[in-house]
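The values are calculated or read from the model by the stated rules, or taken from the named source; none is laboratory data. Everything numeric in this text was worked out from a predicted model, so none of it was measured. Here Cβ is always computed from backbone atoms with ideal geometry, including for glycine, and neighbour counts include all displayed protein chains. With ligands, DNA and RNA removed, areas are computed over all heavy atoms of the protein, side chains included. Shrake-Rupley method; radii C 1.70, N 1.55, O 1.52, S 1.80 Å.
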Amino acid sequence: MPTMTMIEAIRDAHDVMMARDDNVVVFGEDVGYFGGVFRCTRGLQQKYGRNRCFDAPINESGIVGAAIGMAAYGLRPCVEIQFADYMYPAYDQLVSEAARLRHRSANDFAAPITVRMPTGGGIFGAQTHSQSPEALFTHVSGLKTVVPSNPYDAKGLLIAAIETDDPVIFLEPKRLYNGPFDGHHERPVVPWSKHPLSEVPEGYYSLPLGVASVRRPGTALTVLAYGTMVYVAEAAAAETGIDAEIIDLRTLLPLDVDTIVASVEKTRRCVIVHEATRTSGFGAELSATVQELCFYHLEAPIVRVTGWDTPYPHAQEWAYFPGPQRLGEAFRRVMEA
Amino acid sequence: MSNPPRLSLRVPEPEFRPGTKPDFSGVNIPRAGTVRRPPVDAAPEEIRDLAYSIIRVLNRDGEAVGPWAGELSDEALQAGLKTMMKVRAYDARMQMAQRQGKTSFYMQCTGEEAIACAFQMALEPGDMNFPTYRQQGLLVASGYPLVDMMCQIYSNSRDPLKGRQLPVMYSSKAHGFFSISGNLGTQYPQAVGWAMASAIKGDTRIAAGWIGDGSTAESDFHSALVFASTYKAPVVLNIVNNQWAISTFQGIARGGSGTFAARGHGFGIPSLRVDGNDYPAVYAVAKWAIERARRNLGPTLVEYVTYRAAAHSTSDDPSAYRPKEESEAWPLGDPIERLKIHLIGKKLWSEERHTQAVAEVEAEVIAAQKEAESYGTLHTGPKASGRDMFVDVFKEMPQHLRRQRQEAGY
Ligand SMILES: Cc1ncc(C[n+]2csc(CCOP(=O)(O)OP(=O)(O)O)c2C)c(N)n1
Ligand SMILES: [Mg+2]
């Protein structure tokens, strides 16, 4: 089986879907001739023509608004926002329009669009190239939110997202594009080719939205993670020797509550980790869910490890990033409670 | 219609891509000195033609000609040349510093130096620029210390922005330079609002907004124009058309409009187009627009026609999307070279003096760099503190941030 980077897997998912379905169109800033600043759409314009893959003016509201109009017509637009940090001009189109179109028109119209965007830090991108705005989407009724953590999942989930009849926000942790990253920034980058989840089947396959994956079975505590934090959690488990069960949520909405509950009922302890700021972050939703459904099984308070409630800094990037040491300390705290 | 034609989508493409030979001989560049100079109180509808032409002062022989010439003293022209040279030398050193791993990122303004450097000279103290990341020339021309700029690039212990911002995202209220945002276009309506505030308070200060060709596509660009138009705000709205927005050529943002300047017409805003590589022309047009604003005659839209000679940033390689020779083939030349030839023609400069000035500027930049590096670089030496991450989120630090700062160990 070929191994792929996350970028190649995402490109491949586009390719598969554009070949299968003429209604799939791809556009965004720099995605046409150049193939995107991260090269996730490289070669698609050359292969499918300018009618199906093209550069957009720098106007995120226009990109999402136009995608909604095309979707209403019957197309399946998959658009790129160059960085998640630049989605704010599109927020009105996402929240007031894409998310509610089906409901407000009593199923007369719908917006089956996929909106991809690179998220997260770890690349010295500072406050406008590092944000993780997932909670701004999960808080909106009518949007599905997906965060893949490896090439195999990225391809299968992106294909599923494009096939979904509702709007899907597809968040790509950019620090994972070229290799798994566990927060040890002082170590050389490990390429995807060394990781089993870089083995990506050729052609079509899809992974259902709303199904988490147990990335590391364990008995001592449950870690709820997604994106880059999956690898940080693996490192923390290895370094503390604590037998953590690591769940990669993969989809935040719909959330795979059954997998979470089964794990926490087994381990009786829960640590939640994300890179986004803490207050009203998705971790708060996870914590509330676990508390509501597993309260009588818990032996320790639920702990959240997150980015601080500050803008993502440049020089202080590693003081901000919730790395394996901070997560490992949380593991110990939860075990000692 | 019984048999309507089948519709088709138009997707604009640039004329030249890698592998093709750029040829701009078909581009209509008016001869220097041929575009008229209307009075500053001209009504917008009387000067619509100026949005479709190019105001130029320096001709091919380096002479300053026409109604827009003669605005600058000999000393001011010499100083302008040196400022542009300083910006270029600064860019070269910081680009190299990034390549050496001393910082994460850098953006040059190669080929566009005349625009910011000349514009700044037409402003008064107290005026405010709302720049993009490619207007380092405004800061240099205003006399902001190179060392401070470099400390920002290095995110070091003397970084005025405390290590928080991406390199090149400077800020200096004292130097009339509004804090740069990474989010394109947001500064444009803010410039209009600042100008409106000056009018509300009955002051005499004006604002200047800056935006790139690609970013004029943002809704904020249009928001700015409608506010400026409605309230006749004392603002100069500058568009730097350097032909490219990363890999996207200007035609994607311009669409069916003949020029970017022409965007102003629908708003009733006087709109001018100027040769951005022509220092005296940029200065004369800036002065004209600034005078309009200062005399309460309202906003002006100015398009500077130029070319982004270097990569978009240190993360970019333009050979993937445009011919390598395109920059050389670009018909408006290099702003430093053109002003130099002009000054030599006027016997105000010479090749020897130029060589000497290159060395002087280089020495000044190197000395500043040495000092800046003594305060640390991104990965070595003294650093911006992690403690600073929690400061200035709010004026007073709320309890939850105090707790988090403690948890973070600061
Ligand atoms: C809202 C927003 N969308 C996208 C980007 C990513 N981006 C950064 S620079 C750039 C191109 C801007 O081109 P232009 O306005 O022509 O300015 P230039 O770089 O040529 O000076 C893009 C798309 C951004 N920074 N902000
Ligand atoms: Mg540009």
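All but one of (1) within 16 Å of ligand 1 (Cβ to nearest atom); (2) away from chain A (no Cβ under 14 Å); (3) aliphatic (A, V, I, L, M); (4) surrounded by fewer than 24 Cβ atoms within 10 Å (Cβ to Cβ) hold for residue B:115; which doesn't?
With respect to (1) within 16 Å of ligand 1 (Cβ to nearest atom); (2) away from chain A (no Cβ under 14 Å); (3) aliphatic (A, V, I, L, M); (4) surrounded by fewer than 24 Cβ atoms within 10 Å (Cβ to Cβ), residue B:115 is out only on (4).
Out of the stretch A:66-85, which residues are assigned to a helix (DSSP H, G or I) and open to solvent by less than 30 Å² (accessible area, probe 1.4 Å)?
A:67, A:68, A:71, A:84, A:85
For the structure I just gave you, tell me whether residue A:90 is farther than 26 Å from residue A:130 by Cα, buried (at least 18 other Cβ atoms within 10 Å of the Cβ) and either within 16 Å of ligand 2 (Cβ to nearest atom) or modelled with pLDDT of 95 or more (or both).
On the way: farther than 26 Å from residue A:130 by Cα: no; buried (at least 18 other Cβ atoms within 10 Å of the Cβ): yes; either within 16 Å of ligand 2 (Cβ to nearest atom) or modelled with pLDDT of 95 or more (or both): yes.
No, not satisfied.
With the requirement that a residue be within 12 Å of ligand 1 (Cβ to nearest atom) and closer than 16 Å to residue B:116 by Cα, what does the stretch B:194-221 give you? If you could, list the steps in order and put the result at the bottom.
Of the residues in the stretch B:194-221, the ones within 12 Å of ligand 1 (Cβ to nearest atom) are B:210-221.
Selection gives B:210, B:211, B:212, B:213.
Regarding residue B:122, is this residue more than 14 Å from chain A (Cβ to nearest Cβ), touching a Gly at 6+ places or on another chain (Cβ under 9 Å) and open to solvent by less than 20 Å² (accessible area, probe 1.4 Å)?
Working: more than 14 Å from chain A (Cβ to nearest Cβ): yes; touching a Gly at 6+ places or on another chain (Cβ under 9 Å): no; open to solvent by less than 20 Å² (accessible area, probe 1.4 Å): yes.
It is false that residue B:122 is more than 14 Å from chain A (Cβ to nearest Cβ), touching a Gly at 6+ places or on another chain (Cβ under 9 Å) and open to solvent by less than 20 Å² (accessible area, probe 1.4 Å).
Any idea which of (1) away from every other protein chain (no Cβ under 14 Å); (2) under 23 Å from the mean Cα position of the chain (by Cα); (3) crowded, with 22+ Cβ neighbours inside 10 Å is the one residue A:258 doesn't satisfy?
(3)
If you check B:189, B:160, which single one turns out to be closer than 18 Å to residue B:369 by Cα and open to solvent by 10 Å² or more (accessible area, probe 1.4 Å)? Even if it seems obvious, please write down each step before you answer.
Numbers: B:189 fails: closer than 18 Å to residue B:369 by Cα.
From the options B:189, B:160, the qualifying one is B:160.
Name the residues in the stretch B:317-359 that are in a loop (DSSP other than H, G, I, E, B) and open to solvent by 20 Å² or more (accessible area, probe 1.4 Å), would you? Spell out the reasoning first.
Filtering the stretch B:317-359 for residues in a loop (DSSP other than H, G, I, E, B) gives B:317, B:321-325, B:330-334, B:346-350.
If the condition is that a residue be in a loop (DSSP other than H, G, I, E, B) and open to solvent by 20 Å² or more (accessible area, probe 1.4 Å), then B:317, B:324, B:325, B:330, B:331, B:333, B:334, B:346, B:347, B:348, B:350 are the ones that fit.
Examine the stretch A:1-14 for a residue that is open to solvent by 40 Å² or more (accessible area, probe 1.4 Å), more than 14 Å from chain B (Cβ to nearest Cβ) and either within 16 Å of ligand 2 (Cβ to nearest atom) or assigned to a loop (DSSP other than H, G, I, E, B) (or both), and state whether such a residue exists.
Within the stretch A:1-14, one or more residues are open to solvent by 40 Å² or more (accessible area, probe 1.4 Å), more than 14 Å from chain B (Cβ to nearest Cβ) and either within 16 Å of ligand 2 (Cβ to nearest atom) or assigned to a loop (DSSP other than H, G, I, E, B) (or both).
How about the stretch B:24-44: which of its residues are at pLDDT below 95 and either open to solvent by 90 Å² or more (accessible area, probe 1.4 Å) or within 14 Å of chain A (Cβ to nearest Cβ) (or both)?
Across the stretch B:24-44, the qualifying residues are B:25, B:28.
Mind counting the residues in the stretch B:168-200 that are in a loop (DSSP other than H, G, I, E, B) and more than 16 Å from the chain's Cα centre (by Cα)? Full working, then the answer.
Filtering the stretch B:168-200 for residues in a loop (DSSP other than H, G, I, E, B) gives B:168-171, B:173-176, B:178-186.
Checking the rest, the ones that are also more than 16 Å from the chain's Cα centre (by Cα) come to B:173-174.
So the answer is 2.
Among the residues of the stretch B:358-374, is any closer than 30 Å to residue A:307 by Cβ, at the interface with another protein chain (Cβ under 10 Å from one of its Cβ atoms) and aliphatic (A, V, I, L, M)?
no
Report yes if residue A:106 is within 17 Å of residue A:170 (Cβ to Cβ) and hydrophobic (A, V, I, L, M, F, W, C), otherwise no. First the steps, then the outcome.
Numbers: within 17 Å of residue A:170 (Cβ to Cβ): no; hydrophobic (A, V, I, L, M, F, W, C): yes.
When the stated conditions are applied, residue A:106 does not pass them.
Looking at residue B:107, is it open to solvent by less than 30 Å² (accessible area, probe 1.4 Å), outside any loop (DSSP other than H, G, I, E, B), aliphatic (A, V, I, L, M) and over 18 Å from residue B:72 (Cβ atoms)? Step through it out loud before you land on a result.
Working: open to solvent by less than 30 Å² (accessible area, probe 1.4 Å): yes; outside any loop (DSSP other than H, G, I, E, B): no; aliphatic (A, V, I, L, M): yes; over 18 Å from residue B:72 (Cβ atoms): yes.
So residue B:107 fails the test.
Suppose we keep only residues that are more than 9 Å from every other protein chain (Cβ to nearest Cβ), in a helix (DSSP H, G or I) and within 23 Å of the chain's Cα centre (by Cα) within the stretch A:41-65. Which one would you say is nearest to residue A:9 (Cα to Cα)?
A:44
Just to be sure, is residue A:38 of a type in the set (Phe, Trp, Tyr) and within 16 Å of ligand 2 (Cβ to nearest atom)?
Values: of a type in the set (Phe, Trp, Tyr): yes; within 16 Å of ligand 2 (Cβ to nearest atom): no.
Here the answer is no, as residue A:38 does not meet what is asked.
Could you tell me how many of the residues in the stretch B:200-219 are open to solvent by 10 Å² or more (accessible area, probe 1.4 Å), away from ligand 2 (no atom under 16 Å from the Cβ) and closer than 14 Å to residue B:187 by Cα?
Total meeting the criteria: 1.
Looking only at the stretch B:270-285, how many residues end up being open to solvent by 10 Å² or more (accessible area, probe 1.4 Å) and within 14 Å of the chain's Cα centre (by Cα)?
1
Regarding the stretch B:250-263, can at least one residue be identified that is at pLDDT 95 or above and on the phi > 0 side of the Ramachandran plot?
Yes: one or more hits.
What are the pairs with Cβ atoms under 6 angstrom where one residue, in the stretch B:247-269, is more than 21 Å from residue B:300 (Cβ to Cβ) and the other, located anywhere, is within 15 Å of ligand 1 (Cβ to nearest atom) and open to solvent by 40 Å² or more (accessible area, probe 1.4 Å)? Sequence gap at least six, or different chains.
B:252/A:57
Which one of B:197, B:207 is among the small types (Gly, Ala, Ser) and closer than 30 Å to residue B:250 by Cβ? Spell out how you get there, then give the answer.
Working: B:197 fails: closer than 30 Å to residue B:250 by Cβ.
Answer to the check: B:207.
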